[in-house]
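Right, one structure below, let's go through it.
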Amino acid sequence: MTDTLSLAELKQTALDRARAGDWAGSADALRTILAQAPNDLGSLLLLGDVSHSSGDTQSASDAYRAALSLAAQAPNLPPPVQAGLQRAQARLAEYASDYAARLDGLIPPDQRSTRFHQSLDILLGRQRIFLQEPRRYYFPGLPQIQFYDPGAFDWVPDLEAKTPVIQNELRAVLAEDQASFRPYIERTSGHLGAQDHHLLDNTDWSAFYLWKDGRKVEENCARCPATAAALEQVPLDFADGKCPSVLFSVLKPGAHIPPHNGMVNTRLICHLPLIVPGPAWLRVGSETHHWQEGKLVIFDDTIEHEAKNEADQTRIVLLFDVWRPELTEQERREIASLLGAIDNFSES
């Protein structure tokens, strides 16, 4: 290939060699063109086609992606170019499908560990990466786990075993005084963004508190003594004026809590499902869990999450927060002191 050929002559040479099946010679001519005119859309598309025909899918992918990126900035392209772009998109989809099939075939899905399966879905673009994004306080170095295995917590079996007595106390409260259940998001609650939240002052999501913002609600605990006693064996994350919160959390039929992130990543949120009359779910990051009565759910609420009750009756869980198990006792004391001080400074 001589340096004295014009771009027009080089393009004709590339076309002639492609028609003759000389894929390597055509690709060489096209790369010479693109070295001088990197935004030549037609040459990029032809390089993709030539590379595809020669079986070099990596080079074809690179050329097709470059062409599609360039075309996104160039409206009103002629029909032949649009057809070439559609072909490029179709082939990229084909390559992605073949790549996924090869990787999926390495280890059958039913033989994969949960985390490896999740990593493969992320690699192949089938799942987003969700990370902790607390709205108020971030503690570094903690693992990014969406749902925790309840079996890793020694206090869980005893609490789950108390489900029937906790259900009985809940039903007694419901029968005596439903007015004690207040909207979870109230105008005076201090929730970030509460001013425009569709659940503001809305009893579709409501709460009956045993502990609220680190303070025991004595009257309500007296009405639910077995529930209060059961929680004495749980590592609640005490920080004056901040946490824990322990409540019966009510979600009425059809109610949807939209995606959001919690305030601090030093705690985990726990749900003990008490009344689950039908389909109702909790999504945390890329995983969706369907509540089952008496089966504890533990998750990191600083990872984007949402919930919905799709049943035609009310769903109620016992909701509470605990220290993350990765924190040392010293770290817990330090964090509790800091969170309490933040609230005190905010009020002064």
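The values are calculated or read from the model by the stated rules, or taken from the named source; none is laboratory data. All figures in this text were calculated on a predicted structure; none of them were measured in a lab. All Cβ positions, glycine included, derive from the backbone under ideal geometry; neighbour counts span all protein chains shown. Just so you know, the surface numbers come from the protein's heavy atoms only, side chains and all, with ligands and any DNA or RNA stripped out. Shrake-Rupley method; radii C 1.70, N 1.55, O 1.52, S 1.80 Å.
Can you tell me what the convex hull of the Cα atoms of the stretch 266-336 projects to on average, as an area in nm²? Intermediate values should be presented prior to the final figure.
Working: hull surface 20.7 nm².
The number I arrive at for the stretch 266-336 is 5.2 nm².
How big is the accessible area of Val250 in square angstrom, nearest 10, if you roll a 1.4 angstrom probe over the protein chains?
Val250 exposes around 10 Å² with every protein chain in place.
In 20 Å bins starting at 0, how do the alpha-carbon pair distances of the chain split up by percent?
Distribution as computed: 24, 37, 23, 15, 1 percent.
Averaging sequence separations of C-alpha pairs under 8 Å and six or more residues apart, then dividing by the length of the chain, give the relative contact order as a whole percent.
Details: 543 pairs, mean separation 52.1, N = 348.
Dividing the mean separation by the residue count of the chain yields 15 percent.
With charges set only on the Cβ (+1 for Lys and Arg, -1 for Asp and Glu), what does the dipole of the chain come to about its Cα centre, in debye to the nearest 20? All intermediate terms of the calculation are to be shown ahead of the outcome.
Numbers: 32 positive and 47 negative charges, 93 e Å.
Computed about the Cα centre, the dipole is about 440 debye.
Using only Cα positions of the stretch 1-116, each an equal point scatterer, no hydration layer, compute I(q)/I(0) via Debye at q = 0.13, 0.18 Å⁻¹ and quote the log10 values to two decimals.
-0.56, -0.89
Dipole size in debye (nearest 20) for the stretch 134-250 around its Cα centre, Lys and Arg Cβ +1, Asp and Glu Cβ -1? Write out the running numbers ahead of the final one.
On the way: 11 positive and 17 negative charges, 56 e Å.
I would put it at about 260 debye.
How big is D for the stretch 70-120, in µm² s⁻¹ as a whole number, if Stokes-Einstein is applied with the Kirkwood radius of its Cα pairs at 20 °C and 1.002 mPa s? It would help to have the intermediate numbers written out before the result.
Values: Rh = 13.7 Å.
Rounded, D is 157 µm²/s.
Report the Stokes-Einstein translational diffusion coefficient (µm² s⁻¹, integer) for the stretch 234-273, Rh taken as the Kirkwood radius over Cα pairs, at 37 °C with viscosity 0.692 mPa s.
Value of D from the Cα-based Kirkwood radius: 261 µm²/s.
For the stretch 70-153, give the percent of accessible area contributed by carbon and sulfur heavy atoms, probe 1.4 Å, rounded to a whole number. Walk me through the numbers on the way to the answer.
Working: 3230 of 5800 Å².
The nonpolar share, carbon plus sulfur, comes to 56 percent.
Kirkwood hydrodynamic radius (Cα pairs, Å) of the stretch 180-327?
Working: mean 1/r = 0.0640 Å⁻¹.
One over the average 1/r among Cα pairs gives 15.6 Å for the stretch 180-327.
Roughly how far apart, in whole Å, are the Cα centres of the stretch 275-348 and the stretch 229-263?
6 Å
Rounded to a whole number, what % of the accessible area of the stretch 252-348 do carbon and sulfur atoms account for, probe 1.4 Å?
That fraction is 49 percent.
Can you give me the pair-distance distribution of the stretch 75-203, C-alpha pairs, 10 Å bins, whole percents?
All Cα pairs considered, the percentages come to 9, 16, 20, 24, 18, 9, 4, 0.
Using a probe radius of 1.4 Å on heavy atoms only, what accessible surface per residue do you get for the chain? Whole Å² is fine. Don't skip to the answer; put the middle values down first.
Details: 18100 Å² over 348 residues.
Ligands and nucleic acids excluded, the figure is 52 Å² per residue.
Using only the alpha carbons of the stretch 212-284, what is the convex hull's orientation-averaged projected area in square nanometres? Don't skip to the answer; put the middle values down first.
On the way: hull surface 24.6 nm².
Value for the stretch 212-284: 6.1 nm².
If we sort 238-248, 160-170 on the protection proxy, mean other Cβ atoms within 10 Å, highest first, what's the order?
Numbers: 238-248: 21.8, 160-170: 16.5.
Ranking, from highest mean packing down: 238-248, 160-170.
Cα convex hull of the stretch 32-81: mean projected area in nm², to one decimal? Could the numbers behind the result be given before it?
Working: hull surface 14.1 nm².
Averaged projected hull area, Cα only: 3.5 nm².
Suppose the chain between Ser97 and Arg65 were pulled fully straight at 0.36 nm per residue; how much longer would it get relative to their current alpha carbon spacing?
9.9 nm
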